[in-house]
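Enquirer: This is the structure I want to talk about, given as structure tokens.
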Amino acid sequence: MAKLTIDGGAIEVADGTSLFDACRLARGEALPHFCYHPDLSIAGVCRLCQVEVEGMPKLTIACNTTVRDGMVVHTRSEKVRKASQQILEMHLINHPVDCPICDQAGECGLQNQYMAYGLYDSQVAESDKVNKAKAQVIGPHVILDKERCVLCSRCVRFCNEVTKTGEMGIFNRGDRAEIGTAPGRELDNAYSVNTVDICPVGALTSRDFRFQKRVWMLKSADGVCAGCATGCNVRVDHEAGRVYRLKPRRNAQVNGSWMCDEGRLTYKDVHADDRLVEPSWRGQAVTWADAKARLAEVAVGGFALVVGSAHQSLEELGLLKLVAPGAVFSGGLAGSDMGVGDDLLRSADRTPNRRGLQLAGLPEHDAAALAVLVRAAKGAILVHGGDPAAAPEVAAALAGRQDVVYVGTHRRATAQAATLALPGATWAEKAGIFVNRQGRAQAFAQAVARPGQAREDWRVLAELLPATAAAPASLKALREAVRAQLGLGIDLDRLPADGALTGGEA
Amino acid sequence: MSFEGLPKGSTDGRRSPLESIYLWEVVKGLAVTGRHLVHNIFHTGEMPTMQYPEEKRVYGERFRGRHRLMQREDGTPRCVACQMCSTYCPADCIHITAAEHPDPAIEKYPATFDIDLLRCVYCGLCEEACPCDAIRLDTGIYEIAADSREKFVVDKEFLLNERTRGTR
Amino acid sequence: MAIVLESLAKIVFMFLLIMGMVPALIWAERKGAAYIQDRTGPNRAGIGGVRLAGLVHPIADVLKLVFKEDVAPTHRHRALYALAPWLVMTVAVSTYAVIPFGDFLTLGGHTYKLVVADLQVGLLYVLAVASLGTYGIVLAGWAANNKFTFLGGIRATAQMISYEINMGLAIMGLMLVFGSLRLTDIVAGQGGLLFGWLPMWGVVLQPLGFALFITSVYAETNRNPFDLPEGESEIVAGYHLEYSSLKFALFFMAEYCHMVVGAAMISALYFGGYQVPWLPRPMLEKHAGLLLQLVLGLTVAASLLFAVLFLRRVQREKGKFGDARDREPVLGAAFWLVVALAAAGAFALRPGDIGAAGASIFASLFQVGAFVGKVVFFAWLFIWVRWTLPRFRYDQLMRLGWKVMLPLGLANLVVTALVVALVGSGK
């Protein structure tokens, strides 16, 4: 442990901690910085995090200094203030200040730090600034504006260190130095939009989000990416009932600071045109009151077969077992929703909760086996989420049956095949828990309102409960019931910020 | 208690016997209103009433009337869809959707720019917020009337057109 | 049969008189209020450009109110809600039955009394019917099932009870003086002269009674400064808050009918009714020809004056509006010139010799005219007062009624009784 004094206050940190982190702890806020990033190597190029260390002849950058016992550090002295102001002025010499058309405005490092540490009058006329290329498409997801760049090199380090693809670099020297892709190459790796996230200014912008919304209008909810079994922690940015983008939320245990480009686009499914937004009886839209009456007709003898899905939350899967205690259970199609994985973040398994399915004890079946189960069912069939009828065998088995109830979110094959289709909520429209491939239970919060007459799935399922079972009064009560049912040793209603392991094999 | 500052005739609760009878005060009041009545019957021209559609008040140069959008030299809007105005707008009456402009020097332009004149409070904050001097309230138009709510929602083409009046 | 026809004719005359005065009063209210407040007032609505200084507005108002949607609260008491405005209106109009609007009219050798019902207990009838008016307001307030209307109704009741007593006391003084409850007797008793020069009007004989009476009448009609049942600053619009369209129009009209009835009562009881001061009936009949000439001459002079005024407007406002309104001064000048010509023609015919029967008819009409003139003045006074005085506070209203006017009324009654006992009644 190293004891040091920062701005007159004593603080004790572990040996080997960077002075930057120690200052963040002591000050309650980070030092001004552009190039420092916790998940990238230290570059020390922006020179903004300079602090005064007693005994050192000149100011030193905190990010590249390791703490030493007995250090006396000043981060708010006049010398430091002046230095950071002047460095900032230097960064802004050739900046075009086109904030009105810049997507970064509102979450921009230059804006924030100018307001916090700058506030000087510019000495550079706009006509004297060096002009560089604007709005260059450098990849399928990213647009580059070279004028806005402050050459922090975060994107270069990301491509070199994280994806190890090395598309980007800094070219030329002096005030002609500019960021760019290597000749003949595109920024087309599977994680390219992370460069947009880490870019402290508006040099790199996302083509998907570009001009869709000013960032200060967005509200955020903490979510978990439903794109694959990795379960990257995300921030769901939304406004007026619409999700506009997903951004990674740092969780060192799961995804670090990153997420894949594919996962970022999963929000589009939430606003898809084929969303199931009202109950439908044999293809005809009905009211919930009517749907309930029809339900009593269909499920008069209880459910004989219950098919779950790895797309549903852990709570819903637990509740599913209570709906029909005596029924045959299936977890849906084995091997469905598989894609290409890699050893960085992406899993080949493109479902968010296959581990949850296993925890809840819902075995998956291949298409043929599921078709056999469907044919063998002597009572009504309940399908919750997923799209098992996408498999022709299952669709054939379901065809002609008049007792299939589907609770789901999209009007796809299973919804078409069902006698009664009830609209549920997607991950953005409800709260719940996914168990990722590590067996880590992670909670996600509701971001936007449900469209049309869609309801939270657990409330829909609670309607289907037999008269003998008591419906859970709240999500909290449901979580407690599921915890008891699955014999989990963790409090599902108060999961830690980085999730909790459910045990079992990883 | 001090009686300074009270208007002449104020008694602060103390009345002379004549005043306390009240009837005489009523007659005095009637005389005042009667004087106005008779004076106005014989001097109709002196009344400050303005016969509105025929006579119109001349407003100051800084009067904030209906908005207009300023044009570039080629007739396209100056607006770059930064949405400062809609952010600042206390009435939430400006709705802009931005789009990518084919010219990278312009980069961003408003695909739609709608103002709900019914919601607008004509505070002029949009004008203040605009970094491009693209929106102004200097048309002097204040006769904004229509027979349906939809007609009060004016679009980009309407606001750019210098010949439009009032509403759609 | 004859008596039915006679009564019917008189009822129709009275009804038309009141109903004709209502729009005129509404106009006077709006225009008068405007001029008192240095405004122009209504001057827009017109028929073919003729606006009559806003007199066309009441027609537009009525058309609007008739064709408006009748919005009514769901939780109202349907029957009473519909009944209330009619009750108010009916009561307002029925009071006129006992008010003499002239002395008598001799037509074809038959003499008609110019009063619908010459009741012996006319004054009691007036008091009884006037208090019925409260029912309309209370029912309106209660049936609409709204707290504000209800408060308005309650206020009306309390106010009515308080001021009815004072009204009764004031009238009792008058009754002592004239020794009768019959209104025709009271009016006839005011024909003489006191000390040979002062008209023997009720106001001269009962000055305090008059002050009490006119105050009570203002309170009874719910007009400013006693319009607390409507009190829009506290209870929105009071009892008629939930009424719209024609039902509201009825309340509105009833208010003006009440004003006319109040003015008629004041004229009949305290200002000699149809009596023309210093010109008793025999004098009127004797100088009928001269008076007729005088009236015609004055008409000519007045019409010419109006015509000149319009002609000046023609000159001044040439093409001012650029629409039909430009025609108005021309039409006005033409109208008044025609009137002046007609009156001058009649003047030239020398109608001095209209005979005894003609003189009698003229005298009767002259007296009716005098009565109508007095009513118009007092109706205007209602308006004048409204735009002069602020509304009372409710406690002030009650204090005035019970602690000031009631003792004064009792004192007036006692003093009058003493004087009558010592000097003798006015009969």
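Enquirer: Somewhere in segment A:35-51, is a residue outside the structural domain of residue A:164 (by TED's automatic domain parsing), in contact (Cβ under 8 Å) with a residue 24 or more places away in the chain, surrounded by fewer than 16 Cβ atoms within 10 Å (Cβ to Cβ) and among the small types (Gly, Ala, Ser)?
Expert: Yes, some residue in segment A:35-51 is outside the structural domain of residue A:164 (by TED's automatic domain parsing), in contact (Cβ under 8 Å) with a residue 24 or more places away in the chain, surrounded by fewer than 16 Cβ atoms within 10 Å (Cβ to Cβ) and among the small types (Gly, Ala, Ser).
Enquirer: Pick from C:225, C:277: which is assigned to a loop (DSSP other than H, G, I, E, B), on the phi < 0 side of the Ramachandran plot and more than 14 Å from chain B (Cβ to nearest Cβ)?
Expert: Within the list C:225, C:277, the selection yields C:277.
Enquirer: Tell me which of these residue B:132 doesn't satisfy, since it passes every other one: (1) over 15 Å from the mean Cα position of the chain (by Cα); (2) in contact (Cβ under 8 Å) with a residue 24 or more places away in the chain; (3) open to solvent by 50 Å² or more (accessible area, probe 1.4 Å).
Expert: Of (1) over 15 Å from the mean Cα position of the chain (by Cα); (2) in contact (Cβ under 8 Å) with a residue 24 or more places away in the chain; (3) open to solvent by 50 Å² or more (accessible area, probe 1.4 Å), only one is false for residue B:132: (3).
Enquirer: Still on this structure, I have one more. Do any helices (runs of 4 or more DSSP H) entirely within segment A:188-305 hold 3 or more residues that are open to solvent by 50 Å² or more (accessible area, probe 1.4 Å), and if so, which?
Expert: By residue number, A:288-298.
Enquirer: Related question: Would you please list the contacts, defined by Cβ atoms under 8 Å and residues six or more apart or on different chains, that run from a residue in segment B:39-60 that is at the interface with another protein chain (Cβ under 7 Å from one of its Cβ atoms) and modelled with pLDDT of 85 or more to a residue that is surrounded by fewer than 11 Cβ atoms within 10 Å (Cβ to Cβ) and not in a loop (DSSP other than H, G, I, E, B)?
Expert: B:40/B:46
Enquirer: When you look at residue C:166, is it over 30 Å from residue C:423 (Cα atoms) and either assigned to a helix (DSSP H, G or I) or touching a residue at least 40 places away in the same chain (Cβ under 8 Å) (or both), yes or no?
Expert: It is false that residue C:166 is over 30 Å from residue C:423 (Cα atoms) and either assigned to a helix (DSSP H, G or I) or touching a residue at least 40 places away in the same chain (Cβ under 8 Å) (or both).
Enquirer: How many of the residues in segment A:316-328 are open to solvent by less than 30 Å² (accessible area, probe 1.4 Å) and modelled with pLDDT of 85 or more?
Expert: The total comes to 6.
Enquirer: Within the group A:455, A:479, A:450, which residue is basic (Lys, Arg), in a loop (DSSP other than H, G, I, E, B), in contact (Cβ under 8 Å) with a residue 24 or more places away in the chain and touching a helix residue (DSSP H, G or I) at 6+ places or on another chain (Cβ under 6 Å)?
Expert: Selected residue: A:450, the only one of A:455, A:479, A:450 that is basic (Lys, Arg), in a loop (DSSP other than H, G, I, E, B), in contact (Cβ under 8 Å) with a residue 24 or more places away in the chain and touching a helix residue (DSSP H, G or I) at 6+ places or on another chain (Cβ under 6 Å).
Enquirer: Assess whether residue C:105 counts as being open to solvent by less than 40 Å² (accessible area, probe 1.4 Å) and assigned to a strand (DSSP E or B).
Expert: Taking the combined requirement at face value, the residue satisfies it.
Quick grid of which residues meet (1) within 14 Å of chain B (Cβ to nearest Cβ); (2) open to solvent by less than 40 Å² (accessible area, probe 1.4 Å); (3) of a type in the set (Asp, Glu):
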{"residue": "C:13", "(1), (2), (3)": "no, no, no"}
{"residue": "C:18", "(1), (2), (3)": "no, yes, no"}
{"residue": "C:40", "(1), (2), (3)": "yes, yes, no"}
{"residue": "C:66", "(1), (2), (3)": "no, no, no"}
{"residue": "C:77", "(1), (2), (3)": "no, no, no"}
{"residue": "C:81", "(1), (2), (3)": "no, yes, no"}
{"residue": "C:89", "(1), (2), (3)": "no, yes, no"}
{"residue": "C:99", "(1), (2), (3)": "no, yes, no"}
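Enquirer: Would you tally the residues in segment A:52-78 being within 25 Å of residue A:157 (Cα to Cα) and open to solvent by 50 Å² or more (accessible area, probe 1.4 Å)?
Expert: 2
Enquirer: Hand me the list of helices (runs of 4 or more DSSP H) wholly inside segment C:323-427 holding 1 or more residues that are within 30 Å of residue C:226 (Cα to Cα), open to solvent by less than 60 Å² (accessible area, probe 1.4 Å) and away from chain B (no Cβ under 14 Å).
Expert: C:355-386, C:394-399, C:406-423
Enquirer: Got at least one residue in segment A:125-141 being assigned to a helix (DSSP H, G or I), over 22 Å from residue A:43 (Cα atoms) and within 14 Å of chain B (Cβ to nearest Cβ)?
Expert: yes
Enquirer: All but one of (1) touching a Ser or Thr at 6+ places or on another chain (Cβ under 6 Å); (2) under 24 Å from residue A:352 (Cβ atoms) hold for residue A:251; state the number of the condition that does not hold.
Expert: Here residue A:251 clears every test but (1).
Enquirer: Sticking with this structure for a sec: Suppose we keep only residues that are within 30 Å of residue C:41 (Cα to Cα) and either open to solvent by 100 Å² or more (accessible area, probe 1.4 Å) or touching a strand residue (DSSP E or B) at 6+ places or on another chain (Cβ under 8 Å) (or both) within segment B:8-38. Which one would you say is farthest from the other protein chains (Cβ to nearest Cβ)?
Expert: B:24
Enquirer: Let me ask you something else. Out of the residues in segment A:86-124 that are out of contact with any Leu (no Cβ under 7 Å at 6 or more places or on another chain), open to solvent by 20 Å² or more (accessible area, probe 1.4 Å) and hydrophobic (A, V, I, L, M, F, W, C), which is farthest from the other protein chains (Cβ to nearest Cβ)?
Expert: A:90
Enquirer: To continue, here is another question. Condition check: open to solvent by less than 20 Å² (accessible area, probe 1.4 Å) and of a type outside the set (A, V, I, L, M). Does residue C:297 satisfy that?
Expert: No: the conditions fail for residue C:297.
Enquirer: Does residue C:204 satisfy the condition of being surrounded by fewer than 23 Cβ atoms within 10 Å (Cβ to Cβ), out of contact with any strand residue (DSSP E or B) (no Cβ under 7 Å at 6 or more places or on another chain) and more than 20 Å from residue C:400 (Cα to Cα)?
Expert: Answer is no for this residue.
Enquirer: When you scan segment B:140-163, do you find a residue that is in contact (Cβ under 8 Å) with a residue 40 or more places away in the chain, touching a strand residue (DSSP E or B) at 6+ places or on another chain (Cβ under 9 Å), surrounded by 13 or more Cβ atoms within 10 Å (Cβ to Cβ) and farther than 18 Å from residue B:86 by Cα, even just one?
Expert: Yes, there is a match, as at least one residue in segment B:140-163 is in contact (Cβ under 8 Å) with a residue 40 or more places away in the chain, touching a strand residue (DSSP E or B) at 6+ places or on another chain (Cβ under 9 Å), surrounded by 13 or more Cβ atoms within 10 Å (Cβ to Cβ) and farther than 18 Å from residue B:86 by Cα.
Enquirer: Could you tell me whether segment A:143-160 includes any residue that is part of a strand (DSSP E or B), touching a helix residue (DSSP H, G or I) at 6+ places or on another chain (Cβ under 7 Å) and buried (at least 21 other Cβ atoms within 10 Å of the Cβ)?
Expert: No; the residues of segment A:143-160 include none that is part of a strand (DSSP E or B), touching a helix residue (DSSP H, G or I) at 6+ places or on another chain (Cβ under 7 Å) and buried (at least 21 other Cβ atoms within 10 Å of the Cβ).
Enquirer: Kindly provide the set of residues from segment C:42-64 that are assigned to a loop (DSSP other than H, G, I, E, B), within 14 Å of chain B (Cβ to nearest Cβ) and under 16 Å from residue C:383 (Cβ atoms), ordered by number.
Expert: Within segment C:42-64, C:42 is the sole residue that qualifies.
The values are calculated or read from the model by the stated rules, or taken from the named source; none is laboratory data. Every value quoted in this text rests on a predicted model; they were computed, and no experiment measured them. A quick note on method: Cβ atoms are made from the backbone with ideal geometry, for glycine too, and the neighbour counts reach across all protein chains shown. These area figures cover heavy atoms from the full protein model, side chains too; ligands, DNA and RNA do not enter into them. Shrake-Rupley method; radii C 1.70, N 1.55, O 1.52, S 1.80 Å.
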